[in-house]
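To keep things clear, I will list the structure first and then write my remarks on it.
The values are calculated or read from the model by the stated rules, or taken from the named source; none is laboratory data. This one's a predicted model, so the numbers in the text were calculated from it and none came from an experiment. Because the Cβ atoms are built from the backbone with ideal geometry, glycine has one as well, and the counts that use them run over all protein chains shown.
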Amino acid sequence: MIRVIEVGPRDGLQNEKTPISTELKLDFIAKLAHAGLKEIEATSFVSPKWVPQLGDAAELWPQLPEGPRYSALVPNVKGLERAISVGCHRVAVFTAASEAFTLRNINMTIQQSLDGFKDVVEGVRAAASQSFVRGYLSTAFECPFSGRVSVVDAARVAESLLELGVDEVSVGDTIGVASPREVRELTSALLSLAPASKWVYHFHDTRGTAIANTAAALELGITAFDSAAAGLGGCPYAPGAGGNLATEDLVYFLHREGLETGINGEALAQASLEILKALGKPPVSRAQLASLASCASSQMQ
Ligand code: HMG
Ligand code: MG
């Protein structure tokens with residue numbers, strides 16, 4: 001079974017200008033749960049001034065439908081306090097392999113972010129025995145401000161995240177530039193630090209390489225991938241970041257490879273269509289477009 005971690009309600013919505021109500025977010029998440037998504041990153045306890053779309057995190061969290069395991073982004077102790085106060089104990093801290101992006105995204109150096117995360121990790125472990133902490137490593141291949149990132153630099157920050165005692169590290173191709181060769185090189189370095197179960201890939205699909213990158217990572221034993229329904233997503237502080245790998249495309253690919261996910265593609269497509277309608281956007285996922293086209297042609301017959 002491959003783990004598919006749905007980040008649409010967080011990564012997918014954070015970049016959208018059209019305000020989405022808490023009620024609509026809950027409906028989107030309920031439909032994702034119905035489609036079989038078992039791990040959903042629901043929101044962020046970041047500064048609402050920095051990401052206004054997710055300013056309702058504390059209202060949303062207690063109303064999440066039962067079933068999936070939910071998590072949320074937390075950048076600092078203030079965010080953790082807000083998360084804990086509504087019962088959120090599965091958190092994701094986030095830093096990057098490049099200084100320039102870290103400064104623009106969280107207004108800290110990499111070292112300042114890691115120092116602050118120590119308190120976040122300790123705080124959530126003390127608050128709940130069932131806590132879970134993910135560490136994000138953004139710009140693992142390239143930074144939109146300072147260019148290419150070396151494997152050595154990416155692996156060094158990944159190792160620092162592991163040293164904090166996180167449960168897993170999600171390795172982000174934030175602006176969607178990497179190719180399978182780069183994924184193989186980085187994965188080999190990461191696997192020399194910790195086993196495959198510690199690593200997740202988070203591919204944005206700006207240039208259409210995310211599925212090829214997923215295939216490369218799978219071959220090296222990685223079994224967990226982030227994706228967003230309808231291919232929504234992007235970071236407001238990473239110019240040029242396209243949408244995430246669409247969950248529809250990931251699920252189609254995995255199933256066709258004979259790998260199980262427990263996700264129902266048709267129910268997922270329904271969840272995506274409704275959030276796209278609310279955002280006033282057309283579908284872009286290849287798998288979704290193909291299935292819409294085949295529905296349309298069967299209706300014409
Ligand atoms: P700052 O302005 O340096 O913060 O922002 P500060 O500590 O100076 O505080 C300023 C004000 O913000 C204060 O309020 C704080 O209380 C408040 P004031 O006194 O002015 O009224 N504040 C908060 N409020 C609510 N929740 C909080 C919080 N913290 C401080 N947690 C900060 C620093 C980290 C807060 C800010 O930079 C921030 O929120 N950044 C988040 C940016 C973000 O969410 N980016 C997108 C997610 S990352 C991503 O998408 C990449 C990923 O998908 C992986 C990939 O693709 O690579 C994960
Ligand atoms: Mg992302």
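Quick rundown of the values:
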item	result
Complete set of residues in region 1-31 that are in a loop (DSSP other than H, G, I, E, B) and within 16 Å of ligand 2 (Cβ to nearest atom)	Val7, Asn15, Glu16
Leading residue by the ranking (nearest to Ile5 (Cα to Cα)) among those in region 227-277 that are in a loop (DSSP other than H, G, I, E, B) and hydroxyl-bearing (Ser, Thr, Tyr)	Thr261
Those residues of region 32-64 which are buried (at least 20 other Cβ atoms within 10 Å of the Cβ), not aromatic (Phe, Trp, Tyr) and not in a helix (DSSP H, G or I), in sequence order	Ala35, Leu37, Ile40, Glu41, Ala42, Thr43, Ser44, Val46, Val51, Leu64
Inter-residue pairs, beta-carbon under 6 Å, first among the hydroxyl-bearing types (Ser, Thr, Tyr) and in region 251-268, second outside any helix (DSSP H, G or I), 6+ apart	Thr261/Ile2; Thr261/Val4
Test: residue in region 114-127 that is in a helix (DSSP H, G or I) and either within 11 Å of ligand 1 (Cβ to nearest atom) or touching a Cys at 6+ places or on another chain (Cβ under 6 Å) (or both)	yes
Odd one out for Ile222 among (1) within 20 Å of Val177 (Cα to Cα); (2) free of Cβ contacts under 8 Å to residues at least 40 places away in the same chain; (3) surrounded by fewer than 17 Cβ atoms within 10 Å (Cβ to Cβ)	(3)
Residues located in region 128-143, provided they are within 16 Å of ligand 2 (Cβ to nearest atom) and not in a strand (DSSP E or B)	Thr139, Ala140, Phe141
Boolean, Gly135 is surrounded by 14 or more Cβ atoms within 10 Å (Cβ to Cβ) and either closer than 14 Å to Leu162 by Cα or at pLDDT below 95 (or both)	yes
First in region 147-167 and within 17 Å of Lys118 (Cβ to Cβ), second anywhere and buried (at least 18 other Cβ atoms within 10 Å of the Cβ) and among the polar types (S, T, N, Q), Cβ under 8 Å, 6 or more apart	Val157/Thr95; Leu161/Thr95
Residue match in region 80-92 (condition: more than 9 Å from ligand 1 (Cβ to nearest atom), assigned to a loop (DSSP other than H, G, I, E, B) and under 12 Å from Ser138 (Cβ atoms))	no
Residues of region 172-201 satisfying the condition of being free of Cβ contacts under 8 Å to residues at least 40 places away in the same chain, hydrophobic (A, V, I, L, M, F, W, C) and assigned to a loop (DSSP other than H, G, I, E, B)	Val177, Ala178, Leu193, Ala194
Residue within region 250-271 that is within 16 Å of ligand 2 (Cβ to nearest atom), aliphatic (A, V, I, L, M) and crowded, with 24+ Cβ neighbours inside 10 Å present	yes
First in region 227-247 and more than 15 Å from Leu276 (Cα to Cα), second anywhere and acidic (Asp, Glu) and crowded, with 23+ Cβ neighbours inside 10 Å, Cβ under 7 Å, 6 or more apart	Ser227/Glu6; Gly242/Asp205; Leu245/Asp205
Residue within region 26-39 that is within 16 Å of ligand 1 (Cβ to nearest atom), in contact (Cβ under 8 Å) with a residue 60 or more places away in the chain and either within 30 Å of Val151 (Cβ to Cβ) or of a type in the set (D, E, K, R) (or both) present	no
Criterion (away from ligand 2 (no atom under 16 Å from the Cβ) and not aromatic (Phe, Trp, Tyr)) met by exactly one of Ala42, Ala57	Ala57
Residue ID - nearest to ligand 1 (Cβ to nearest atom), chosen from residues in region 170-203 that are more than 15 Å from Leu220 (Cβ to Cβ) and not hydroxyl-bearing (Ser, Thr, Tyr)	Gly172
